[in-house]
Every structure is written in C-alpha cells, then in structure tokens.
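The values are calculated or read from the model by the stated rules, or taken from the named source; none is laboratory data. This one's a predicted model, so the numbers in the text were calculated from it and none came from an experiment. When we count neighbours, we look across all protein chains shown, and the Cβ atoms used for this are built from the backbone with ideal geometry, even at glycine.
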C-alpha cells in the first residue's frame, strides 16, 4: 500500500448533503481545488473517496465526497484524517522539506559526532526547532536555520549541523 500524508482533519459536518468541514494540516490551502481523490483514515482503516466538490471557506476546507451523501454519513467521519498519497504532495522548492521527512533523521555534527534523532519539531512561527534526543542524554533543541543545519540527506536519513556555542 502506498504511503500517505495527512492534509486535513474532519472537524464537523456542513449542510445536510454530506458536506465535511475540514481543518487544514497543510501549508497549501489552495491545493483543495486540485483534489480528485482522498483517503479518509479512521479507526485504523483507510478508505478512498472521489472528491465531488472542494472549496476554501475561511481557515477551513469544505468537501463533498462520493459515498458520503447525507448528514448521518458525514457525522460518522468527524475526527477522521484526510490523507493523500505522498506522490501527490505539492512539490517543494530546493532545500525545503515536509515535517514528516525531517522526523527520525539521524543528526551529526560536522566532526561526525552523533547527537541523536529528530524526535519532535516545535513550530515557533519564525523558525522551526528540532528536538533531538539520543538514549538517556538530555534533549538538544536545534533551530532550523541555514546557519545551523548544514546538510539534509533524506536518502541517507541524515542531517549535519553546526551547533552554536551553548548548544553543545
């Protein structure tokens, strides 16, 4: 089965014809207009749906999907995630990554010292902060800045950093 990425969460119904109100989990709200098919993931199951109607409504998306034809069917989907295949994600500019691509990377200094794995990402608004942990060692908070993060090699699962004084 192809891997998917969550782009939204169903938070409510909309109207009586099976409409879904979706909270965005994507930095690309306009992508909703391009959706032809999505997967709804709930209780460990993933089911495909053809998109009948999709539009932006303030900070939310409104979706109508084939097979969800009335409010009762829509209510059953509240709390589920909307996902798409990874191959359908918006292409990012060079040296820009999705959060799930960064999670789990092994982090090393330029000298080859292993610092741990990226366990979490804190989104601060100005720049992300990578939470790196190795075993029982204290966590290291690494700002996601070009001056600090020198290279990211997704194929090798590796990130190289140049830690400023005080973070070492």
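Every residue, every condition in (1) crowded, with 17+ Cβ neighbours inside 10 Å; (2) without any contact (Cβ under 8 Å) to a residue 60 or more places away in the chain; (3) not in a strand (DSSP E or B), yes or no:
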{"position": "6", "(1), (2), (3)": "no, no, no"}
{"position": "10", "(1), (2), (3)": "yes, no, no"}
{"position": "17", "(1), (2), (3)": "no, yes, yes"}
{"position": "23", "(1), (2), (3)": "no, yes, no"}
{"position": "32", "(1), (2), (3)": "yes, yes, yes"}
{"position": "40", "(1), (2), (3)": "yes, yes, no"}
{"position": "46", "(1), (2), (3)": "no, yes, no"}
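Residue-wise test of (1) surrounded by 13 or more Cβ atoms within 10 Å (Cβ to Cβ); (2) closer than 30 Å to residue 22 by Cα; (3) not assigned by TED's automatic domain parsing to the domain that holds residue 29.
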residue	(1), (2), (3)
68	yes, yes, no
81	yes, yes, no
111	no, no, yes
143	yes, no, yes
146	no, no, yes
Output the qualifying pairs, or none if there are none: Cβ atoms under 8 angstrom, residues six or more apart or on different chains, first residue in segment 122-138 and assigned by TED's automatic domain parsing to the domain that holds residue 106, second residue exposed (fewer than 15 other Cβ atoms within 10 Å of the Cβ) and assigned to a loop (DSSP other than H, G, I, E, B). 127/145; 131/139; 132/139; 133/139
Name, by its number, the condition in (1) touching a strand residue (DSSP E or B) at 6+ places or on another chain (Cβ under 7 Å); (2) modelled with pLDDT under 95; (3) over 23 Å from residue 2 (Cα atoms) that does not hold for residue 58. (1)
Just need a number here: residues in segment 129-141 that are surrounded by 14 or more Cβ atoms within 10 Å (Cβ to Cβ) and modelled with pLDDT under 90. 1
Filtered residues of segment 10-26 (kept if within 16 Å of the chain's Cα centre (by Cα) and under 17 Å from residue 50 (Cα atoms)): 10, 22
What's the total number of residues in segment 63-97 that are within 16 Å of residue 26 (Cβ to Cβ) and in a helix (DSSP H, G or I)? 3
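Among the residues of segment 9-68, write down those that are touching a helix residue (DSSP H, G or I) at 6+ places or on another chain (Cβ under 6 Å) and within 23 Å of residue 87 (Cβ to Cβ). Walk me through it before giving the result.
Filtering segment 9-68 down to residues touching a helix residue (DSSP H, G or I) at 6+ places or on another chain (Cβ under 6 Å) leaves 13, 16, 18, 20, 54, 56, 61, 68.
Passing the criteria: 54, 61.
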Filter segment 99-132 for residues that are out of contact with any strand residue (DSSP E or B) (no Cβ under 7 Å at 6 or more places or on another chain) and not in a strand (DSSP E or B); the one that is farthest from residue 38 (Cα to Cα) is 111
Over segment 82-98, the set of residues closer than 25 Å to residue 62 by Cβ and free of Cβ contacts under 8 Å to residues at least 40 places away in the same chain is 88
